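A short write-up of the structure that comes next.
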């Protein structure tokens, strides 16, 4: 029993030790991807303990616009068109160019991630060539020297296999035929079949699974960062659309109030004039009410201008192609505000914001990418030490038959050819690599500070 426990403990320690930093980074990315795009309502996170519906007062009178147009020629906001808050949200999401532009960034990052994942794909290579050369041959006898004709055909198919350890394996098989013809001498033909394999593997700088797969992790963090930016952009545009909608609602209500005040001022002025005509009032009161009516006219003009600006602001955010930006159409809100009071649980709200806010997720992706950058720059400070190895076999056939060369290849007694060696490159000083490493460390510290500041 004790022996089994020791074996289980040793296996657990070995499994933990074999978990690489890159594997932990991938798990972190998966966790962030699960949190990305989550917008939880208050009820979903239990952030409210009680809610009460407040009193809602609705304006019912909407008939003063046409009358004031005849009196003051102010109301030129266009033909009213009713619009609800749901239509504003839908139109903003479908037509807003800022949202459409932000949606492209994750697609670009996703394609870049696919490109990084494909860097370990094998490549088929092939080359075929045929040549003929004619050279004079000197035998030392008098007379015109004969020509030597050489015909060479070579075909080399191959397969290049990049390794996740940083190296590359190349498999190739070269077949060739040579024909030598000289006047007055027998023709000499030969065929050769030569398969081979070569390996190039870095041992220090650029070696290891973590370094060579780090670019894939970086592309994944860039995809997450772009997705978080898109989430923030979409939410901000929708929020701006709702703010513009309720500002338009406020502009309409203020205009209606100012119109009512104008009508009231006009009625009071007319009453005072009738009292003066009946010698029951003072002319000073008439002057006072004329000043009040002038102020109400100014308020109507100011409210009408604010309404124009609110209508245009909502149109700009919606960017609905069916709604022109000129003054021919005046958007009029049909959705009424629903005033609800909430009692918030601050701790739950803070935890939800730290878990799901797009800005914080973006900074977490950035910090993770900077961590991978530090690992890569640290590896690049090592000297270059590369292993080069190759093996090949040769089969030579009689005549120009490639088939006989292949048969000779498998039935031969000749030893195989091989080579092995290392190449080294050590920079004197290594200042560039050290500076890049220090810069990566500082950028990671900066990303940590930015995240903590945002939190």
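The values are calculated or read from the model by the stated rules, or taken from the named source; none is laboratory data. Note that the structure is predicted; figures quoted are calculated from it, not measured. Here Cβ is always computed from backbone atoms with ideal geometry, including for glycine, and neighbour counts include all displayed protein chains.
For residue 394, indicate whether it is surrounded by 17 or more Cβ atoms within 10 Å (Cβ to Cβ), in contact with a strand residue (DSSP E or B) (Cβ under 7 Å, 6 or more places away or on another chain) and under 29 Å from residue 212 (Cβ atoms). Against the criterion (surrounded by 17 or more Cβ atoms within 10 Å (Cβ to Cβ), in contact with a strand residue (DSSP E or B) (Cβ under 7 Å, 6 or more places away or on another chain) and under 29 Å from residue 212 (Cβ atoms)), residue 394 does not qualify.
Every residue, every condition in (1) surrounded by fewer than 15 Cβ atoms within 10 Å (Cβ to Cβ); (2) at pLDDT 90 or above; (3) within 30 Å of residue 231 (Cα to Cα), yes or no:
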residue: 111; (1), (2), (3): yes, yes, yes
residue: 117; (1), (2), (3): yes, yes, yes
residue: 126; (1), (2), (3): yes, yes, no
residue: 141; (1), (2), (3): yes, no, no
residue: 157; (1), (2), (3): yes, yes, no
residue: 164; (1), (2), (3): yes, yes, no
residue: 170; (1), (2), (3): no, yes, no
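What single numbered condition from (1) modelled with pLDDT under 90; (2) crowded, with 20+ Cβ neighbours inside 10 Å; (3) more than 26 Å from residue 27 (Cα to Cα) fails to hold for residue 245? Among (1) modelled with pLDDT under 90; (2) crowded, with 20+ Cβ neighbours inside 10 Å; (3) more than 26 Å from residue 27 (Cα to Cα), the lone unmet condition for residue 245 is (1).
Does segment 267-286 hold any residues that are exposed (fewer than 12 other Cβ atoms within 10 Å of the Cβ) and either in contact (Cβ under 8 Å) with a residue 24 or more places away in the chain or not in a loop (DSSP other than H, G, I, E, B) (or both), and which are they? Residues satisfying the conditions are 274, 277, 283, 284. Of everything in segment 416-452 that's outside any strand (DSSP E or B) and touching a strand residue (DSSP E or B) at 6+ places or on another chain (Cβ under 8 Å), which residue is nearest to residue 368 (Cα to Cα)? Per the stated criteria, the residue is 426. For segment 228-240, filtered to residues that are in contact with a helix residue (DSSP H, G or I) (Cβ under 8 Å, 6 or more places away or on another chain) and surrounded by fewer than 22 Cβ atoms within 10 Å (Cβ to Cβ), the residue that is nearest to residue 90 (Cα to Cα) is 238. A single entry from 81, 89 fulfils the requirement of being assigned by the TED database to the domain that holds residue 254, at pLDDT below 85 and under 44 Å from the mean Cα position of the chain (by Cα): 81.
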